[in-house]
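Comments concern the structure below.
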Amino acid sequence: MKLPVCGEEQVIMEAIRNNTVVVICGETGSGKTTQVPQFLYEAGWSHPDSDNPGLIAITQPRRVAAVSMAKRVGYELNLPESVVSHQIRYDVTTSEKTRIKFMTDGVLLRELSQDLLLTKYSVIIIDEAHERNLNTDILIGVVSRVLKLRAELSREDRAKIKPLRVVIMSATLRVSDFTENSTLFTKPPPVISVNARQYPVSIHFNKRTPEDHVAEAFKKVSKIHDRLPEGGILIFLTGQNEIQHLCKLLREKYPSLPPKAALEERKRIRQAAELELKRDAAIPGEESDSDDSDSDLGFDEEELVSTKDGKWEYIYKCEYGKFTYTISYAAPLHVLPLYSSLPTEAQLRVFQPPPEGTRLCVIATNVAETSVTIPGIRYVVDCGKAKERRYDIKTGVQSFEVDWTSKASAGQRAGRAGRTGPGHCYRLYSSAVFDHDFEQFSTPEISRMPIEGVVLNMKSMGIDNVVNFPFPTPPERQTLSKAEKLLGYLGAIDTDVKHITPVGQAMANLPVTPRFAKMLVIGNQQDCLPFVIAIVAALSTEIAKARRRLMRKKYFESQIKHAGLDRSSDILKLLNVVGAYEYAGATAEFCEENFLRSKAMEEIRKLRWQLTNLMAALFENVDVWVDPKMLPPTKRQIKFLKQVITAGFIDSVAIRKDVIENGGQGGTRFKNARGVAYKLMWSEEEAFIHPGSILYSQEPPIALVYNELFKGATKTCFKGVTAIDTKWLPEIGKEFCSFGRPLDHPIPKYSEQTKDKKTVYVVPSFGPKGWPLPPIQVEMHRKGTRWVISA
DNA sequence: AGGGTTTTTT
């Protein structure tokens, strides 16, 4: 069967020849991702002697897609992976022979900071642009500038520099953010639409919108399974809990294994039918219509046509003809959960055909909307909602909220039913809700996330005035200035002219968020860098595993074990976990016993290697290697590590409310952190140490830094707490500190000889709210008629 | 004793 995109080859190639930018719209199944690179290749692009000798690049938002697409195209062109190659974070197959290169968009962004002209490439194909991921959006913005640069340079010396072409591919027609954005492309690029090889999907809305979409999904799936012909069911819910719950309900109602007797009865009926048909077929003159070209696919197949009162009617097709029979047991449901934190093996089960005589039923989150395509789905049940991470840019408070998806998302979900044949989508909400409460499109990621990493990356590419950057959807001014402020605190950019500093340039070379990059850059002291690397690697990864309620006690025991001797930091606890995991031989069993996601632990391992190699390559004085049997840090090192952590989170300090209200001193004595309120730098709200923190069961510290701030159902909690000493703040957090007048008590001490120096106690105040901190001793010297604090 | 998380990536 020919892919729809192949019919458009002429149109596409002509458009790419005549325009620097082309937009191609085609839903999943149109074949654009695999075919467009091949069109270019076969037209001679990327050939060293051609007019477009540079590589053909295709970017993908996800690693798996980059790898599998490269394999697929290599197979179709019958070329080795040294020619059709891929590059993702930890895996490269490129060679000097490479002509087509699939990669994640993050990889190309990183390459851009080394070579702003993308000289290696002749075409950049940006795939899945409709998803509006952060990296994809930034890439489109940067590439639009590269285009202009390359065009100018090529006009000066065509022999040396060839112009660049860009192809933006999208599964939906939401492309106006790219095409009608004159800061991005002065002349609107042509849009080519490609039909998808997609079967029709009938949409069925609920009359009423139920409160409980899990219960409603259960009813709907039961109905589908009891009454409708065979075909897999895919259910979209919002989170793990809902999924596990519905799994349980459905497995109870439709046990996964059919009665053995029923299976045997079925086999007997089929064999008898086949024999009878064979006899009939042997009668001469009864030829079957052989020019029905599809019939060769239809043989030896069975179709469930109806069910009634527990009786199932099947049509059985074999080599000799068709036969209808009924059997009296409900086909079991093969119920599988699917969400991203599920171990890989469990995820792969959805790709295997369900056991014979059962119906596949996958209950999934958003993963099944974009990242994973499940074969054999004919029915989609869509609750219409999605869980989203929200981020309050002013306060830094994150939360998870369940809300309606967009019309575009609902369309994507429905489309999953039409991949292998005509399908049905059951929406568990009314059409009125769909019309009135659903946004047309989901909010692009850039409008929902902190972007200090993006801003630092731009600065390192020489883009100082980020406001003028051609974002497909510009982030809010406030988001940008917040990012610049944080980069200022971290010392990555100059606070006046907002230009990148040497430290910032070093940070930009590290593939982690700027806070973590800062920790790495300052962490090379007292033999601590390997610890800092392990900490940063662990913080960059979602490490904890979802736990069952029953395991609660054991979980807390393991947490205490991991905290080791120092119980004042959740982040240092992470360090211990990483060490213990490696020490135990990095096994899956260790992860299982210790409530860790083995996928995450493997990622941490690879990240430690990458960061270690990078640090050694970037800094002359760094002598570091990965030591799996890393010894725990000493007391002195622990103190230093906490200071490093403080520096990375200097804008995320919290102080106990009672201490602030008491002028920075004393405060109440508490046995544990339960109900003990902390004040936040950027919010009037109070926050609490999470009961899951290692610090919860101890006397709560006066001051702490936190990795994240989460708004739960009842209150706002810190995640990843480290107790700090307020004495560090005037040093590490200079820009947030000021000092009051010297105190009369304890009495100032003057230097013996000259009397132009004195040692005094002052009350420092910290942060935008000027919190009073416990008094510290400082040295002052006389400057003219005034006393000033010595540096 | 104690709360609750979707999804990606350099």
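Every read-out reported here was derived from the displayed coordinates using simple, explicitly stated rules and does not represent laboratory data. Owing to the predicted nature of the structure, the values given are computational and were not obtained by experimental measurement. Quick reminder, even Gly has a Cβ in these numbers, built from the backbone with ideal geometry, and neighbours come from all protein chains shown.
Points to keep in mind about this one:
- Local electrostatic count, A:Ala171, Cβ distance below 10 Å [Lys/Arg +1, Asp/Glu -1]: -2
- Remark on region A:735-789: hydrodynamic radius 11.9 angstrom, per the Kirkwood mean of 1/r across alpha carbon pairs.
- Added length on full extension, which subtracts the Cα-Cα distance from 0.36 nm per residue, A:Lys606 to A:Glu156: 157.6 nm
- Simple point charges give the picture: +1 on the Cβ of Lys and Arg, -1 on the Cβ of Asp and Glu, and for chain A a dipole about the Cα centre of about 3180 debye.
- Region A:620-649 versus region A:574-593: alpha-carbon centroid distance in Å: 19
- For region A:443-505, the calculated P(r), taken from all Cα-Cα distances in 10 Å bins from zero up to the bin holding the longest distance, is 24, 58, 18, 1 percent.
- Within the shell of other residues whose beta carbon sits under 13 angstrom from the beta carbon of A:Glu582, the net charge comes to +2, with Lys and Arg scored +1 and Asp and Glu -1.
- Length gained when the stretch A:Leu117-A:Glu9 is fully extended (0.36 nm per residue, less Cα-Cα span): 36.1 nm
- Eigen-decomposition of the gyration tensor built on the alpha-carbon atoms of region A:86-132 gives equivalent ellipsoid semi-axes of 17, 14, 12 angstrom, largest listed first.
- Given R0 = 35 Å, the distance between the Cβ atoms of A:Val367 and A:Asp91 translates into a calculated FRET efficiency of 0.95.
- In this structure, the amide hydrogen of A:Gln698, modeled 1.01 Å from its nitrogen in the peptide plane, lies closer than 5 angstrom to those of A:Ala673, counting only residues at least 5 positions away or on a different chain.
- Equivalent ellipsoid semi-axes, region A:96-159, via Cα gyration tensor eigenvalues times 5, rooted, Å: 21, 15, 10
- Proportion of all alpha-carbon pairs of region A:4-194 beyond 32 Å (%): 6
- Cut-off 15 Å (backbone N to label point 7 Å along Cα→Cβ of A:Gln398), residues of region A:629-665: A:649, A:652
- Region A:666-739: chymotrypsin sites (Phe, Trp or Tyr not before Pro) in DSSP coil with no more than 16 other Cβ atoms inside 10 Å: A:Phe670
- Simple spin-label estimate for A:Glu685 and A:Glu439 in nanometres, 7 Å along Cα-Cβ: 1.9
- Span-like helix ranges in chain A, DSSP H, alpha carbon extent 24 angstrom or more, Kyte mean at least 0.0: A:134-156
- 15 Å beta-carbon shell around A:Gly384, net charge (K/R +1, D/E -1): -3
- Rounded to the nearest whole angstrom, the semi-axes of the ellipsoid equivalent to region A:371-509, taken from the Cα gyration tensor as √(5λ), stand at 41, 17, 12, largest first.
- A crude spin-label estimate for the pair A:Glu265 and A:Lys719, with each label 7 Å from Cα along the Cβ direction, gives 5.2 nm.
- The spacing between region A:462-513 and region A:15-74, judged by their C-alpha centroids, is 32 Å.
- Distance from the C-alpha centroid of region A:688-702 to that of region A:107-140: 43 Å, rounded to the whole angstrom.
- Here the calculated FRET efficiency for A:Arg782 and A:Asn662, from their Cβ-Cβ distance with R0 = 45 Å, stands at 0.85, rounded to the nearest 0.05.
- Rg/Rg_globular for chain A, with Rg_globular taken as 2.2 N^0.38 Å and Rg from C-alpha atoms: 1.12
- Sequence ranges A:207-219, A:128-140, A:413-425, ranked by mean other-Cβ count within 10 angstrom, highest first: A:128-140, A:413-425, A:207-219
- Beta bridges per DSSP, both residues in region A:42-135: antiparallel share near 10 percent.
- Rounded to 5, the percent of DSSP beta bridges in region A:4-194 classed as antiparallel: 5
- Helical runs (DSSP H, four residues minimum) scored at -39500 (n - 2.57) apiece and divided by the length of chain A put the mean residue ellipticity at 222 nm at -10500 deg cm²/dmol.
- Placing R0 at 25 angstrom, the Cβ-Cβ distance between A:Ile747 and A:Gln698 gives a FRET efficiency of 0.10 after rounding to 0.05.
- Of all DSSP beta bridges in chain A, antiparallel share, percent nearest 5: 50
- Fully extending the segment from A:Arg669 to A:Glu252, taken as 0.36 nm per residue of separation minus the present Cα-Cα distance, adds 145.0 nm.
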